[in-house]
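Colleague: This is the structure I want to talk about, given as structure tokens.
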Amino acid sequence: MSTKSIEQKVKAFEDIHDIVNAMKAYAGLNIRKTEEYVPHVRTYAKNISYAMAYLFSHFPSITMPQRHAGKRVLVAFGSEQGLCGAYNERIADYMDTVVNPEDYIFVIGKRLKSAIEQHKLRITAFMESAVSFDGIRDVMETSLSKIMDIYSRKDIYNLTVLFTSVIKNNAEIAMEQILPPDIEALEIMEPLSKKTLMYLNPEQIFKKLIEERLYISIYKCYVESLRSENWYRLRRMDSASENILKNISDLKTVQRYVRQEDITQEILEILGGSRLV
């Protein structure tokens, strides 16, 4: 191996390292943006549940159909882009353990779709995901419309979402039933003890809260998923960066060795030539 060929390899690794650093910066930007919103979105979603629990507690006339009746729409959130480690594969592996044969599977994210297809799971509908925080609102309206088109079918009753959430620097897959509301979960919450005066009747408020719960739940899934995807990607890029720097260091060590060998050979040639004179 010549010093020139080693220099070319070092230059190639350095170019790749620049690309990796750019991807790390982009992933870090998405993480920072989503981290600003995740706590607020979680709190807002929880407050909606508290409001529903209040109505359900003080107005027992509000009734819901049987919780486990009918088929299920399972909306799985993954990534649109790659280079995020085992992010999508972990979701696909988890789905393989929870999906029922009669489930309607709605996949969001091209890379997740490919991972699920490897498990031979039947996908009912697919939609591309957002690649940046600012792009979430652009895809949300369309995805909500498609989800409700499927949910409105007569044989479907249950709408459940599946996404990855990062909590305390640990990525966990979450699965939440959105529709119908989990009455058992609402019953164990502690809403306000006193009944308040309301302008609208409880049924109207409860219906609007369900609509708001659906909207904020889907939005939360997008934000949580984008954050988790880039959390995985940042760690993958950190590992790649370390490997690239190690390869560059190893190549430079070899380069110094080869250069020393070339210098030694040149000295020997000079000494050999001087003896002949």
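The values are calculated or read from the model by the stated rules, or taken from the named source; none is laboratory data. Being a predicted model, the structure only gives us computed values, none of them experimental. Heads up, the Cβs are rebuilt from the backbone with ideal geometry, glycines too, and the neighbour counts pull from every protein chain shown.
Colleague: From N230, N247, N243, grab the single residue that is out of contact with any helix residue (DSSP H, G or I) (no Cβ under 8 Å at 6 or more places or on another chain), assigned to a helix (DSSP H, G or I) and modelled with pLDDT of 90 or more.
Modeller: That would be N243, the only listed residue that is out of contact with any helix residue (DSSP H, G or I) (no Cβ under 8 Å at 6 or more places or on another chain), assigned to a helix (DSSP H, G or I) and modelled with pLDDT of 90 or more.
Colleague: Cβ-Cβ distance below 8 Å, separation of 6 or more or different chains: which pairs start in segment 21-49 with a residue that is farther than 22 Å from E80 by Cα and hydroxyl-bearing (S, T, Y) and end on one that is modelled with pLDDT of 90 or more and in a helix (DSSP H, G or I)?
Modeller: Y44/I216; S49/R213
For every residue, the table says whether it meets (1) within 27 Å of the chain's Cα centre (by Cα); (2) surrounded by 16 or more Cβ atoms within 10 Å (Cβ to Cβ); (3) polar (S, T, N, Q).
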site	(1), (2), (3)
E7	no, no, no
K11	no, no, no
M23	yes, yes, no
L29	yes, no, no
K33	yes, yes, no
M52	no, yes, no
L74	yes, yes, no
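Colleague: Follow-up. Quick one: in segment 243-268, of everything that is among the β-branched types (V, I, T) and exposed (fewer than 13 other Cβ atoms within 10 Å of the Cβ), which residue is nearest to the chain's Cα centre (by Cα)?
Modeller: T253
Colleague: Is it the case that segment 65-87 has a residue that's free of Cβ contacts under 8 Å to residues at least 24 places away in the same chain and among the basic types (K, R)?
Modeller: Looking through segment 65-87, none of the residues is free of Cβ contacts under 8 Å to residues at least 24 places away in the same chain and among the basic types (K, R).
Colleague: Please work out which one of (1) in contact with a Leu (Cβ under 6 Å, 6 or more places away or on another chain); (2) more than 18 Å from S217 (Cα to Cα); (3) hydroxyl-bearing (S, T, Y) is the condition S114 fails and give its number.
Modeller: Evaluating S114 over (1) in contact with a Leu (Cβ under 6 Å, 6 or more places away or on another chain); (2) more than 18 Å from S217 (Cα to Cα); (3) hydroxyl-bearing (S, T, Y) leaves (1) as the failure.
Colleague: Just for segment 78-96: of the residues that are within 10 Å of the chain's Cα centre (by Cα) and not in a loop (DSSP other than H, G, I, E, B), which one is farthest from L121 (Cα to Cα)?
Modeller: Y87
Colleague: Provide a single number: the residues in segment 117-143 that are more than 17 Å from L29 (Cβ to Cβ), aliphatic (A, V, I, L, M) and surrounded by 15 or more Cβ atoms within 10 Å (Cβ to Cβ).
Modeller: Count: 5.
Colleague: Moving on. Within segment 116-144, how many residues turn out to be farther than 25 Å from K33 by Cβ and either over 17 Å from the mean Cα position of the chain (by Cα) or part of a helix (DSSP H, G or I) (or both)?
Modeller: Count: 10.
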